[in-house]
Amino acid sequence: MTKHKFTVTAARGMLPLLATELVEMGIKDTKQEQGNIRFIGTLEDAYRVCLWSRVAIRVLMPIAHFTAKTTDELYQGIHDLPWEDHIDAQDSTIAVDFNSFRSKIHHTQYGAQRVKDGIVDRFREQTNERPSVDLHQPDLRINVYLKNNQAIVSIDLSGESLHKRGYRVETTQAPLKEHLAAAILITAQWPRLAKLGWGLIDPMCGSGTILIEAAMMAADIAPGMNRDYFGFLYWKQHDEDIWKGLKAEAERRRHSGLARLPMISGGDMDARAVEAASANIAEMGLSERINIEQRELLDWPSQASSLPTSGLVVCNPPYGERMGNVSELHYLYESLGNIVSESLPAWRTTMITDNESLAQYTGLTVFDSTPFDNGPIPCQVVCFRAPRPVSSRAQVNNEVVEQQDSLVVEQQDSDVQPQQDLELSENAEMFANRLKKNLKHLSKWARKNKIECYRLYDADLPDYAVAIDLYGEHVHVQEYAPPKTIDATKAIQRLNDVMQIIPQVLNVPANKVALKLRKKQRGTQQYEAQASQKQRTKVTESGLSFWLNLTDYLDTGLFLDHRITRQMIAEKAQGQAFLNLFAYTGSATVYAAAAQAESTTTVDMSNTYLEWAQENMALNGLTAEKHRFIRANCLEWLETAQQAPEKYGLIFLDPPTFSNSTRMEGVFDIQRDHVSLIKMTAALLTKGGTLFFSTNRRDFKMDNKALSSLNITDISHATLPKDFERNPKIHYCWTISKA
């Protein structure tokens, strides 16, 4: 793909934040300068910055560089450029931004006029037509920066400042700009805290900018998602397919992220501000996700009991420049500090002020102070420690992370009502009807068999390629990656249909519906976290209890298609030594232990899943010393176990289809390696013992000839639950014993 040079601008103090954003977007070839960052990348990279940067102001694409000591040289240099490659003369509009630094042309308005003249005259000479001028939202915005008499001419791909997100329909006096609100939240470490499940309140919310930006960050919503205008949309070199793909990716991330949104709440003493904030929140589609009400600052302590243990208080309080009398403001800052210290002791606080001395009146301990500009006002973003932090440890991505400020708390369920009847397209109506039919059919079966977790829908209709699982009162949706031949816009519309219809048909709040994109996993991806909130829910199966996590990982912690397999294991477990290899969250171990297995040994190389397995056992009161948990590469452990005296009367072997994990040497492939794997495992069986072997590789073929020394019985059909009957290749399963 063709590479270009781009320049991204940002406000004072925000370049380090922008640099981090670019790295997170995969943009590596960067150079930081005063007020901007230059990078070399593809058009897709530039579009991604326009869509996803929370702190950038503009994305410029330089197209020319020439000397311009006079306005005539400026005119001629512009006139000579091939503007016909960028825009048509007829029925098109342009706008020009001109800035000068240490150059002989210092009158910016006249400089912009000469640039416009050069473009218009070229078109007149070629076609006898000319583009019009539109200063608001032109088809092409041209940026000319004259520095030391050297003109840099760029196409402004952003079109207008990227801080304009498209959700501000109502405003208040001196509103906080969106990119500044985002910078405040990033400085306060909100993206990390949100992943840990912390709450957020803004007790002086004004028009709601901080609340909306906080929700967009926590829910992984692209800041440019609501914009209907960018500078590249009518540019002749615009790549519509790339843009559609990025918008589709962003829409999927939004749907998935909303399920992980922690508690976000705000208020203001001014009823007009609350009205404006409510309108802006509604425009962003977050009315059911952000709680806002008219409330005096001193009334917030009454809400403390309903808030999470830990969180972030963040606000833009009045300060000297806005109020005119610093001496009259200290009481406000004192009150805020007292509220946090007495009612929210495990909460951090962050504020922006033009007078850092005011922050001292809070009585809170500062741990960071960062300069930013609020319009023309130089300000500081001041971050305070929690007065009485609660120490805890949370495990993220198999690494233990110290949380110095709080316990990880489970998400607070908002009081959200199911959606009202929707106007559906013909295809969407077909999907809704299929969902209703499946629910009527399977819910009776589930109630009769005391099953609360089951698959309701699995790509029954080709146009709606999702799997929908019910976990008690929660819904887990997996979208199968659409083929590249499917138009991205259509794929997203179908996904939108799914996410709107599910709450209505199943009568569940939208915040209890979690979405993930299902795709083939490679290497360490099977163990990677999608998020890190530790938001768990407890479910029951066959009278046993299990912890699930519907948001943080690709899978939830309980493979529903193995429900019957687990029951078969339980039937054979009494009095047996049980071995669970590649154990995941240990659900098979729970079944075996509850069925009075003599002992259990659970082996997995992921600390996350091994601890999860222990928690599942503890949840069922199965904590005796006879239950062992071993963190190890199962292949290496099996090789070592060949020399050990321990034998097992019952073994469950459910390996990944493929792995090149950094914690494993070489590459494991179940089709290629299953013979050696099964032989090593079967060698650990006692006489008369049983090995259950399963794989979900769809094209798997058992090499019976190479394993002729073993008794092998295919039980795939017998282990297929009713809710998976439409997908008979969900897994294959065999019982194996020594001949």
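The values are calculated or read from the model by the stated rules, or taken from the named source; none is laboratory data. Keep in mind that what you see is a predicted model, and the values were worked out from it rather than measured. In this analysis, Cβ positions are derived from the backbone assuming ideal geometry, glycine residues included, and neighbour counts consider all displayed protein chains.
Structure values in brief
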| quantity | calculated |
| --- | --- |
| Any hit, region 676-693, residues being surrounded by 17 or more Cβ atoms within 10 Å (Cβ to Cβ) and of a type in the set (Phe, Trp, Tyr) | yes |
| Any hit, region 166-177, residues being closer than 19 Å to Leu233 by Cα and touching a residue at least 40 places away in the same chain (Cβ under 8 Å) | yes |
| Qualifying positions in region 440-467 - of a type outside the set (Asp, Glu), in contact (Cβ under 8 Å) with a residue 24 or more places away in the chain and either farther than 19 Å from Asp561 by Cα or touching a helix residue (DSSP H, G or I) at 6+ places or on another chain (Cβ under 7 Å) (or both) | Leu442, Trp445, Cys453, Tyr454, Arg455, Leu456, Leu461, Tyr464, Val466 |
| Test: residue in region 78-95 that is aromatic (Phe, Trp, Tyr) and closer than 30 Å to Gly245 by Cα | yes |
| Ser154 among the polar types (S, T, N, Q), modelled with pLDDT of 95 or more and within 30 Å of Glu213 (Cβ to Cβ) | yes |
| Residue check for Leu140: at pLDDT 95 or above, hydrophobic (A, V, I, L, M, F, W, C) and not assigned by TED's automatic domain parsing to the domain that holds Thr71 | no |
| Matching residues, region 536-585, being more than 33 Å from the chain's Cα centre (by Cα) and not small (Gly, Ala, Ser) | Ile564, Thr565, Gln567, Met568, Ile569, Glu571, Lys572, Gln574, Gln576, Phe578, Leu579 |
| Counted residues, region 574-586 - those being surrounded by fewer than 24 Cβ atoms within 10 Å (Cβ to Cβ) and small (Gly, Ala, Ser) | 2 |
| Members of region 717-733 that are modelled with pLDDT of 95 or more and either surrounded by 15 or more Cβ atoms within 10 Å (Cβ to Cβ) or among the charged types (D, E, K, R) (or both) | Thr719, Leu720, Pro721, Lys722, Asp723, Phe724, His731, Tyr732, Cys733 |
| Matching residues in region 672-686 - criterion: being touching a strand residue (DSSP E or B) at 6+ places or on another chain (Cβ under 7 Å) and not polar (S, T, N, Q) | Ile678, Ala682, Leu684, Leu685 |
| The one condition in (1) at pLDDT below 95; (2) in contact with an Asp or Glu (Cβ under 9 Å, 6 or more places away or on another chain) that Ala259 fails to fulfil | (2) |
| Unmet criterion (only one of (1) under 23 Å from Asn549 (Cβ atoms); (2) outside the structural domain of Val382 (by TED's automatic domain parsing)) for Arg227 | (1) |
| Within region 324-374, tally of residues that are among the charged types (D, E, K, R) and part of a helix (DSSP H, G or I) | 4 |
| Options Asp88, Asp121: the member that is farther than 30 Å from Val55 by Cα and in a loop (DSSP other than H, G, I, E, B) | Asp88 |
| Failed item in (1) surrounded by fewer than 21 Cβ atoms within 10 Å (Cβ to Cβ); (2) within 26 Å of Ala465 (Cα to Cα); (3) in contact (Cβ under 8 Å) with a residue 24 or more places away in the chain, with Gln237 passing the rest | (2) |
| Test for Val133: is it touching a His at 6+ places or on another chain (Cβ under 6 Å) and not acidic (Asp, Glu) | no |
| So Pro138, is it within 30 Å of Ala282 (Cα to Cα) and touching a residue at least 12 places away in the same chain (Cβ under 8 Å) | yes |
| Restricting region 88-114 to residues that are among the hydrophobic types (A, V, I, L, M, F, W, C) and more than 22 Å from Leu233 (Cβ to Cβ), the residue that is surrounded by the most Cβ atoms within 10 Å (Cβ to Cβ) | Phe98 |
| Enumeration of residues in region 264-281 that are touching a residue at least 24 places away in the same chain (Cβ under 8 Å) and either in the same structural domain as Asp88 (by TED's automatic domain parsing) or part of a helix (DSSP H, G or I) (or both) | Arg272, Ala273, Val274, Glu275, Ala276, Ala277, Ser278, Ala279, Asn280, Ile281 |
| Residue in region 284-301 that is part of a loop (DSSP other than H, G, I, E, B), more than 30 Å from Leu60 (Cβ to Cβ) and in contact with a Ser or Thr (Cβ under 6 Å, 6 or more places away or on another chain) present | no |
| In region 471-522, the residues that are at pLDDT 85 or above, in a loop (DSSP other than H, G, I, E, B) and either closer than 27 Å to Glu240 by Cα or of a type in the set (Asp, Glu) (or both) | Glu473 |
| Among residues of region 636-660, those that are free of Cβ contacts under 8 Å to residues at least 60 places away in the same chain, aliphatic (A, V, I, L, M) and within 13 Å of Asn580 (Cα to Cα), counted | 1 |
| Which listed residue is surrounded by fewer than 14 Cβ atoms within 10 Å (Cβ to Cβ) and either on the phi > 0 side of the Ramachandran plot or not in a loop (DSSP other than H, G, I, E, B) (or both), from Thr2, Thr20, Thr7 | Thr20 |
| Answer from Ala279, Ala273 - the residue that is buried (at least 23 other Cβ atoms within 10 Å of the Cβ), modelled with pLDDT of 95 or more, of a type in the set (A, V, I, L, M) and more than 28 Å from Leu550 (Cα to Cα) | Ala273 |
